[in-house]
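Here is the structure we will look at.
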Amino acid sequence: MRLLGGFVAAAVVTAAFLAGTSAPAQDEPDAAELARGAEVYDYWCATCHSAGPNMPGTQALAAKYDDGRPAVLTERGDLTPERIAFFVRNGVSVMAPFRKTEVSDADLAALSAYIVDTARVD
Ligand code: HEC
(Lines give C-alpha, C1' and ligand atoms only; values in the text may rest on other atoms or scores of the structure.)
Protein backbone atom coordinates (compact mmCIF):
# COMPACT_ATOMS: atom_id res chain seq x y z
CA MET A 1 0.00 0.00 0.00
CA ARG A 2 2.67 2.46 1.09
CA LEU A 3 4.98 1.26 -1.67
CA LEU A 4 2.22 1.61 -4.24
CA GLY A 5 1.44 5.13 -2.99
CA GLY A 6 5.09 6.06 -3.33
CA PHE A 7 5.17 4.64 -6.82
CA VAL A 8 2.05 6.53 -7.84
CA ALA A 9 3.43 9.75 -6.34
CA ALA A 10 6.69 9.25 -8.19
CA ALA A 11 4.80 8.58 -11.41
CA VAL A 12 2.70 11.71 -10.96
CA VAL A 13 5.73 13.86 -10.26
CA THR A 14 7.54 12.34 -13.24
CA ALA A 15 4.53 12.90 -15.48
CA ALA A 16 4.25 16.50 -14.34
CA PHE A 17 7.97 16.97 -14.93
CA LEU A 18 7.76 15.49 -18.40
CA ALA A 19 4.76 17.69 -19.16
CA GLY A 20 6.82 20.70 -18.14
CA THR A 21 4.44 21.79 -15.38
CA SER A 22 5.24 22.33 -11.75
CA ALA A 23 3.00 20.11 -9.66
CA PRO A 24 2.66 21.06 -6.00
CA ALA A 25 4.56 18.73 -3.69
CA GLN A 26 2.39 15.91 -2.43
CA ASP A 27 2.37 17.21 1.15
CA GLU A 28 1.32 20.67 0.00
CA PRO A 29 -2.11 20.31 -1.57
CA ASP A 30 -3.37 23.40 -3.35
CA ALA A 31 -6.22 25.54 -2.07
CA ALA A 32 -8.72 24.19 -4.60
CA GLU A 33 -8.06 20.60 -3.54
CA LEU A 34 -8.42 21.49 0.15
CA ALA A 35 -11.66 23.35 -0.56
CA ARG A 36 -13.03 20.32 -2.42
CA GLY A 37 -11.88 18.09 0.44
CA ALA A 38 -13.77 20.25 2.92
CA GLU A 39 -16.92 19.96 0.81
CA VAL A 40 -16.64 16.17 0.64
CA TYR A 41 -15.99 15.98 4.38
CA ASP A 42 -18.95 18.21 5.24
CA TYR A 43 -21.24 16.21 2.97
CA TRP A 44 -20.26 12.62 3.86
CA CYS A 45 -18.35 12.60 7.15
CA ALA A 46 -19.27 15.55 9.37
CA THR A 47 -22.62 14.04 10.42
CA CYS A 48 -20.75 11.34 12.36
CA HIS A 49 -17.29 12.78 12.99
CA SER A 50 -17.86 16.38 14.14
CA ALA A 51 -17.42 17.61 17.68
CA GLY A 52 -20.38 17.57 20.02
CA PRO A 53 -23.00 15.07 21.20
CA ASN A 54 -24.80 12.50 19.04
CA MET A 55 -21.80 11.88 16.81
CA PRO A 56 -21.38 8.11 16.40
CA GLY A 57 -17.90 8.41 14.90
CA THR A 58 -16.59 10.85 17.49
CA GLN A 59 -18.11 8.83 20.35
CA ALA A 60 -16.76 5.52 19.06
CA LEU A 61 -13.26 6.94 18.55
CA ALA A 62 -13.27 8.54 22.01
CA ALA A 63 -14.03 5.07 23.43
CA LYS A 64 -11.56 3.29 21.15
CA TYR A 65 -8.60 5.46 22.07
CA ASP A 66 -9.75 6.16 25.61
CA ASP A 67 -9.13 9.88 25.04
CA GLY A 68 -5.49 9.21 24.19
CA ARG A 69 -5.90 11.10 20.91
CA PRO A 70 -8.48 13.58 19.64
CA ALA A 71 -11.85 11.96 18.97
CA VAL A 72 -12.67 14.46 16.23
CA LEU A 73 -11.23 13.25 12.94
CA THR A 74 -10.06 16.65 11.73
CA GLU A 75 -8.01 17.15 14.90
CA ARG A 76 -6.06 13.91 14.57
CA GLY A 77 -2.41 14.43 13.73
CA ASP A 78 -1.66 10.75 13.18
CA LEU A 79 -3.89 9.89 10.22
CA THR A 80 -2.26 9.29 6.85
CA PRO A 81 -4.06 9.42 3.47
CA GLU A 82 -3.53 5.64 3.19
CA ARG A 83 -5.23 4.99 6.54
CA ILE A 84 -8.13 7.30 5.76
CA ALA A 85 -8.60 5.65 2.35
CA PHE A 86 -8.60 2.21 3.97
CA PHE A 87 -11.47 3.06 6.31
CA VAL A 88 -13.43 5.00 3.69
CA ARG A 89 -13.28 2.13 1.19
CA ASN A 90 -13.72 -0.73 3.69
CA GLY A 91 -15.89 0.82 6.38
CA VAL A 92 -15.78 -0.11 10.06
CA SER A 93 -18.55 -0.82 12.57
CA VAL A 94 -21.57 1.36 11.71
CA MET A 95 -19.55 3.28 9.12
CA ALA A 96 -20.45 1.78 5.75
CA PRO A 97 -17.84 1.61 2.99
CA PHE A 98 -18.11 4.45 0.50
CA ARG A 99 -18.44 3.50 -3.17
CA LYS A 100 -16.51 5.28 -5.86
CA THR A 101 -19.82 6.57 -7.20
CA GLU A 102 -20.26 8.34 -3.84
CA VAL A 103 -16.69 9.39 -3.09
CA SER A 104 -14.55 9.18 -6.22
CA ASP A 105 -10.82 8.49 -6.02
CA ALA A 106 -10.14 12.16 -6.75
CA ASP A 107 -12.56 13.23 -4.02
CA LEU A 108 -10.99 10.73 -1.61
CA ALA A 109 -7.56 12.22 -2.29
CA ALA A 110 -8.92 15.73 -1.68
CA LEU A 111 -10.77 14.56 1.45
CA SER A 112 -7.64 12.92 2.87
CA ALA A 113 -5.53 15.98 2.10
CA TYR A 114 -8.11 18.11 3.90
CA ILE A 115 -8.23 15.91 7.02
CA VAL A 116 -4.43 15.72 7.24
CA ASP A 117 -4.11 19.47 6.63
CA THR A 118 -6.64 20.53 9.27
CA ALA A 119 -4.68 18.64 11.95
CA ARG A 120 -1.35 20.15 10.91
CA VAL A 121 0.21 22.55 13.37
CA ASP A 122 2.19 25.15 11.42
C1 HEC B 1 -22.62 6.65 10.04
C2 HEC B 1 -21.60 7.40 10.73
C3 HEC B 1 -20.26 7.58 10.02
C4 HEC B 1 -20.01 8.22 8.83
C5 HEC B 1 -21.02 8.87 7.89
C6 HEC B 1 -18.57 8.20 8.67
N7 HEC B 1 -17.98 7.55 9.70
FE8 HEC B 1 -16.00 7.21 9.93
N9 HEC B 1 -16.37 6.12 11.60
C10 HEC B 1 -17.59 5.95 12.20
C11 HEC B 1 -17.42 5.17 13.40
C12 HEC B 1 -18.53 4.78 14.36
C13 HEC B 1 -16.06 4.84 13.49
C14 HEC B 1 -15.32 4.07 14.59
C15 HEC B 1 -15.58 2.60 14.52
C16 HEC B 1 -14.82 1.89 15.60
O17 HEC B 1 -13.64 1.57 15.40
O18 HEC B 1 -15.41 1.68 16.66
C19 HEC B 1 -15.42 5.46 12.34
C20 HEC B 1 -14.08 5.36 12.08
C21 HEC B 1 -13.42 6.08 11.10
C22 HEC B 1 -12.00 6.05 10.89
C23 HEC B 1 -10.98 5.24 11.69
C24 HEC B 1 -10.27 6.05 12.71
C25 HEC B 1 -9.46 5.18 13.64
O26 HEC B 1 -8.41 5.65 14.07
O27 HEC B 1 -9.86 4.06 13.96
C28 HEC B 1 -11.73 6.89 9.86
C29 HEC B 1 -10.38 7.23 9.26
C30 HEC B 1 -13.00 7.42 9.41
N31 HEC B 1 -14.01 6.90 10.17
C32 HEC B 1 -13.15 8.32 8.38
C33 HEC B 1 -14.38 8.71 7.86
C34 HEC B 1 -14.52 9.55 6.71
C35 HEC B 1 -13.37 10.18 5.95
C36 HEC B 1 -15.85 9.67 6.45
C37 HEC B 1 -16.52 10.37 5.32
C38 HEC B 1 -16.20 9.92 3.98
C39 HEC B 1 -16.54 8.90 7.48
N40 HEC B 1 -15.61 8.35 8.32
C41 HEC B 1 -17.92 8.79 7.60
C42 HEC B 1 -18.79 6.47 11.75
C43 HEC B 1 -18.98 7.16 10.56
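The values are calculated or read from the model by the stated rules, or taken from the named source; none is laboratory data. Everything numeric in this text was worked out from a predicted model, so none of it was measured. Counting neighbours? That spans all protein chains shown, and the Cβs are built from the backbone with ideal geometry, glycine included. Just so you know, the surface numbers come from the protein's heavy atoms only, side chains and all, with ligands and any DNA or RNA stripped out. Shrake-Rupley method; radii C 1.70, N 1.55, O 1.52, S 1.80 Å.
The figures follow:
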quantity: Residues satisfying the stated conditions in segment 112-122, i.e. closer than 18 Å to Ala51 by Cα and touching a residue at least 40 places away in the same chain (Cβ under 8 Å); calculated: Tyr114, Ile115, Asp117, Thr118, Ala119, Arg120
quantity: Odd one out for Pro53 among (1) open to solvent by 60 Å² or more (accessible area, probe 1.4 Å); (2) at pLDDT below 95; (3) within 14 Å of the chain's Cα centre (by Cα); (4) of a type outside the set (Asp, Glu); calculated: (3)
quantity: Candidate set: segment 82-94, residues that are over 12 Å from the mean Cα position of the chain (by Cα) and open to solvent by 20 Å² or more (accessible area, probe 1.4 Å); chosen: the one nearest to Cys48 (Cα to Cα); calculated: Val94
quantity: Number of the exception - Pro97 against (1) over 18 Å from Met55 (Cβ atoms); (2) in a helix (DSSP H, G or I); (3) open to solvent by 20 Å² or more (accessible area, probe 1.4 Å); calculated: (2)
quantity: First in segment 77-100 and touching a residue at least 40 places away in the same chain (Cβ under 8 Å), second anywhere and loosely packed, with under 11 Cβ neighbours inside 10 Å, Cβ under 6 Å, 6 or more apart; calculated: Glu82/Met1
quantity: Matching residues, segment 92-103, being within 8 Å of the ligand (Cβ to nearest atom) and under 19 Å from Thr58 (Cα atoms); calculated: Val92, Ser93, Val94, Met95, Ala96, Phe98
quantity: Selected residue (criterion: least open to solvent (accessible area, probe 1.4 Å)) from residues of segment 100-122 that are of a type outside the set (D, E, K, R) and part of a loop (DSSP other than H, G, I, E, B); calculated: Val103
